[in-house]
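Worksheet: the structure to be examined is printed underneath.
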Amino acid sequence: MSGRILPMRTPHRDRHGTIHVQGDSVDGFTVSHESSSGSSWGELHGPFPLGQSAIAFAYGLNRDEHEGVCNISICDGAVRHASPDVGLVTLPGEF
């Protein structure tokens, strides 16, 4: 799975881990916090029917539960689902 890490205004601190937005438009999107060591996960939130809803929840979770210091990793499916008209420009004749 690929994703993007979007840093918050506060510099990332390794001891706070990463909040992940995962899933797809078929099964829904979920949000969970991964510890900085990668050995444990927090509560699984969702499924959210919209990528946009899951992304908004992830930022709220970071703000409310983790003092805004976690990185947020958003899977490409949630980004595409939240912004379907945004993407790479294709030129006629490109494959």
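The values are calculated or read from the model by the stated rules, or taken from the named source; none is laboratory data. In this text the structure is predicted, and so the values were computed from the model without any measurement. Here Cβ is always computed from backbone atoms with ideal geometry, including for glycine, and neighbour counts include all displayed protein chains. Ligands, DNA and RNA are excluded from the accessible area calculation, which covers all protein heavy atoms including side chains. Shrake-Rupley method; radii C 1.70, N 1.55, O 1.52, S 1.80 Å.
Put a dot 7 Å past the Cα of Asp27, heading toward its Cβ, do the same for Glu65, and the two dots end up 2.0 nm apart. In the context of the full protein assembly, Asp76 retains an accessible surface of approximately 40 Å², using a probe radius of 1.4 Å and ignoring ligands and nucleic acids. A 1.4 Å probe over all protein chains sorts Phe29, Phe48, Phe57 by accessible area into Phe57, Phe48, Phe29, starting with the largest. Cβ-Cβ distance of Arg15 and Leu44, R₀ of 35 Å, FRET efficiency by 1/(1 + (r/R0)^6): the value works out to about 0.95.
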